[in-house]
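Novice: Handing you a structure now.
The values are calculated or read from the model by the stated rules, or taken from the named source; none is laboratory data. Remember, it's a predicted structure, so these values are computed and weren't measured experimentally. When we count neighbours, we look across all protein chains shown, and the Cβ atoms used for this are built from the backbone with ideal geometry, even at glycine.
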Amino acid sequence: MKLYGYFRSSAAFRVRIALNLKCLAYDTELVNLSTGQHLSDEFRRVNPQGRVPALVINDTVLLQSPAIMEYLEEIHPTPAFLPEGAEARARVRALADIIACDIHPLNNLAVLNYLSGPLSASDEQKTTWYRHWVMEGFNAVEPLLAGSADTGRFCHGDAPGLADICLVPQVFNAQRFDCDLSLYPTIERVYTTCMEHEAFDAAQPAKQPEAADIA
């Protein structure tokens, strides 16, 4: 397996966690988003969308982190990312989707670059935008976690799963933008628990090979 990614990419971060949880070995290929390498003809031959991550397995190229995680779950079902039971699975998917489908698409690099580029938004306006959409999402995630007996050490029960894989990178980026996470004690508690797990810790941006070389 070869993972095309970037250390600060939330979506690539998710896939690193997922691969680590499944104990799957993989090589990494840096796609430097800060220099526009993702828009190069060379990388577009891997992913025509020009986004990371892309996971290459033999001659198969897998795109989009939710699809990649679903593939890994189907091909390598243990340990499971989803709990037993339709209701429990729906709960975990909903938590993951609030982050991956509602928060992240509004705050990814392409959107932030469009705000500061064609729309001429200031750094302050861009940061205000970022924080607003993080809070909109976390204002939903926090009560869903805090108010449910299904929440354990992790988002669902006492084993990490799909919701945790999506939550941790979003918290990392919220910290980068100095979002006030004291408003979300359950999210912070789950995040701390996750980061004590080797699969999450090893996947964090600071521990990726390129992190020391890219400001």
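Novice: Being over 20 Å from PHE200 (Cα atoms) and touching a residue at least 60 places away in the same chain (Cβ under 8 Å) is the requirement here; does ASP150 meet it? Please lay out each step first, then the result.
Specialist: On the way: over 20 Å from PHE200 (Cα atoms): yes; touching a residue at least 60 places away in the same chain (Cβ under 8 Å): yes.
Yes: the conditions hold for ASP150.
Novice: What is the one condition in (1) among the hydrophobic types (A, V, I, L, M, F, W, C); (2) touching a residue at least 12 places away in the same chain (Cβ under 8 Å); (3) touching a helix residue (DSSP H, G or I) at 6+ places or on another chain (Cβ under 9 Å) that ALA159 does not satisfy?
Specialist: Here ALA159 clears every test but (3).
Novice: Also, quick follow-up: Please go through region 22-50 and give me each residue that is touching a residue at least 40 places away in the same chain (Cβ under 8 Å) and either within 15 Å of ILE165 (Cβ to Cβ) or in the same structural domain as PHE172 (by TED's automatic domain parsing) (or both), ordered by number.
Specialist: In the first step, residues of region 22-50 are kept if they are touching a residue at least 40 places away in the same chain (Cβ under 8 Å); the result is 22, 24, 28, 30, 32-34, 46-47.
Answer for region 22-50, where residues must be touching a residue at least 40 places away in the same chain (Cβ under 8 Å) and either within 15 Å of ILE165 (Cβ to Cβ) or in the same structural domain as PHE172 (by TED's automatic domain parsing) (or both): LYS22, LEU24.
Novice: Tally up the residues in region 24-51 that are within 15 Å of ARG8 (Cβ to Cβ), of a type in the set (Val, Ile, Thr) and over 18 Å from the mean Cα position of the chain (by Cα), please. Give the steps one after another, and end with the answer.
Specialist: From region 24-51, those within 15 Å of ARG8 (Cβ to Cβ) are 28, 30-38, 51; that's our starting set.
If we keep only those that are of a type in the set (Val, Ile, Thr) too, we end up with 28, 31, 35.
With over 18 Å from the mean Cα position of the chain (by Cα) added as a condition, the list becomes 35.
Qualifying residue count for the region: 1.
Novice: While we're on this one: Take region 165-215 and flag every residue that is free of Cβ contacts under 8 Å to residues at least 24 places away in the same chain and polar (S, T, N, Q).
Specialist: Result: GLN175, SER182, THR192.
Novice: Of the conditions (1) surrounded by 15 or more Cβ atoms within 10 Å (Cβ to Cβ); (2) more than 17 Å from ILE187 (Cβ to Cβ), ILE98 satisfies every one except a single condition; which number is it?
Specialist: Every condition holds for ILE98 apart from (2).
Novice: Still on this structure: Restricting attention to helices (runs of 4 or more DSSP H) lying wholly within region 139-215, give those where 3 or more residues are more than 16 Å from VAL15 (Cβ to Cβ). Can you show your working first?
Specialist: Values: elements: 162-176, 185-195, 198-203.
Result: 162-176, 185-195.
Novice: How many residues does region 139-158 contain that are of a type in the set (A, V, I, L, M, F, W, C) and more than 13 Å from TYR184 (Cβ to Cβ)? If you could, list the steps in order and put the result at the bottom.
Specialist: Kept after step one, since they are of a type in the set (A, V, I, L, M, F, W, C), are these residues of region 139-158: 140-141, 144-146, 149, 154-155.
Those still in the list that are more than 13 Å from TYR184 (Cβ to Cβ) too: 149, 154.
Of the residues in region 139-158, 2 are of a type in the set (A, V, I, L, M, F, W, C) and more than 13 Å from TYR184 (Cβ to Cβ).
Novice: Still on this structure: Restricting to region 1-21, and then to whatever is of a type in the set (D, E, K, R) and surrounded by fewer than 24 Cβ atoms within 10 Å (Cβ to Cβ), can you tell me which residue is farthest from ALA163 (Cα to Cα)?
Specialist: Applying the first criterion (of a type in the set (D, E, K, R)) to region 1-21 yields 2, 8, 14, 16.
Add one more test, that the residue is surrounded by fewer than 24 Cβ atoms within 10 Å (Cβ to Cβ), and what stays is 2, 8.
On the way: LYS2: 24, ARG8: 19 Å.
Taking the candidates together, the pick is LYS2.
Novice: Could you tell me which residue of region 140-165 is surrounded by the fewest Cβ atoms within 10 Å (Cβ to Cβ), considering only residues that are among the β-branched types (Val, Ile, Thr) and farther than 14 Å from LEU181 by Cα? First the steps, then the outcome.
Specialist: As a first pass, look at region 140-165 and keep what is among the β-branched types (Val, Ile, Thr): 141, 151, 165.
Filter again for farther than 14 Å from LEU181 by Cα, leaving 151, 165.
Details: THR151: 20, ILE165: 29.
This residue is THR151.
Novice: Report yes if some residue within region 128-145 is touching a residue at least 12 places away in the same chain (Cβ under 8 Å) and over 25 Å from PHE200 (Cα atoms); otherwise report no.
Specialist: Taking every residue of region 128-145 in turn, at least one turns out to be touching a residue at least 12 places away in the same chain (Cβ under 8 Å) and over 25 Å from PHE200 (Cα atoms).
Novice: Give me the residue from region 178-198 that is surrounded by 20 or more Cβ atoms within 10 Å (Cβ to Cβ) and among the hydrophobic types (A, V, I, L, M, F, W, C) and, out of that set, farthest from ARG91 (Cα to Cα). Before the answer, list the steps.
Specialist: The first filter runs over region 178-198 and keeps only residues surrounded by 20 or more Cβ atoms within 10 Å (Cβ to Cβ), leaving 179, 184, 187, 190-191, 194.
Now drop any that are not among the hydrophobic types (A, V, I, L, M, F, W, C), which leaves 179, 187, 190, 194.
Working: CYS179: 25, ILE187: 16, VAL190: 16, CYS194: 19 Å.
Going through the qualifying residues, I end up with CYS179.
Here's the yes/no breakdown for (1) crowded, with 16+ Cβ neighbours inside 10 Å; (2) assigned by TED's automatic domain parsing to the domain that holds THR193; (3) among the polar types (S, T, N, Q):
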| site | (1), (2), (3) |
| --- | --- |
| LEU112 | yes, yes, no |
| SER120 | no, yes, yes |
| THR128 | no, yes, yes |
| TRP133 | yes, yes, no |
| PHE138 | yes, yes, no |
| LEU167 | yes, yes, no |
| PHE172 | yes, yes, no |
| ARG176 | no, yes, no |
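Novice: Sticking with this structure for a sec: Please tell me if PHE43 is modelled with pLDDT under 95, surrounded by 19 or more Cβ atoms within 10 Å (Cβ to Cβ) and under 22 Å from ALA202 (Cα atoms).
Specialist: Numbers: modelled with pLDDT under 95: yes; surrounded by 19 or more Cβ atoms within 10 Å (Cβ to Cβ): yes; under 22 Å from ALA202 (Cα atoms): no.
No, not satisfied.
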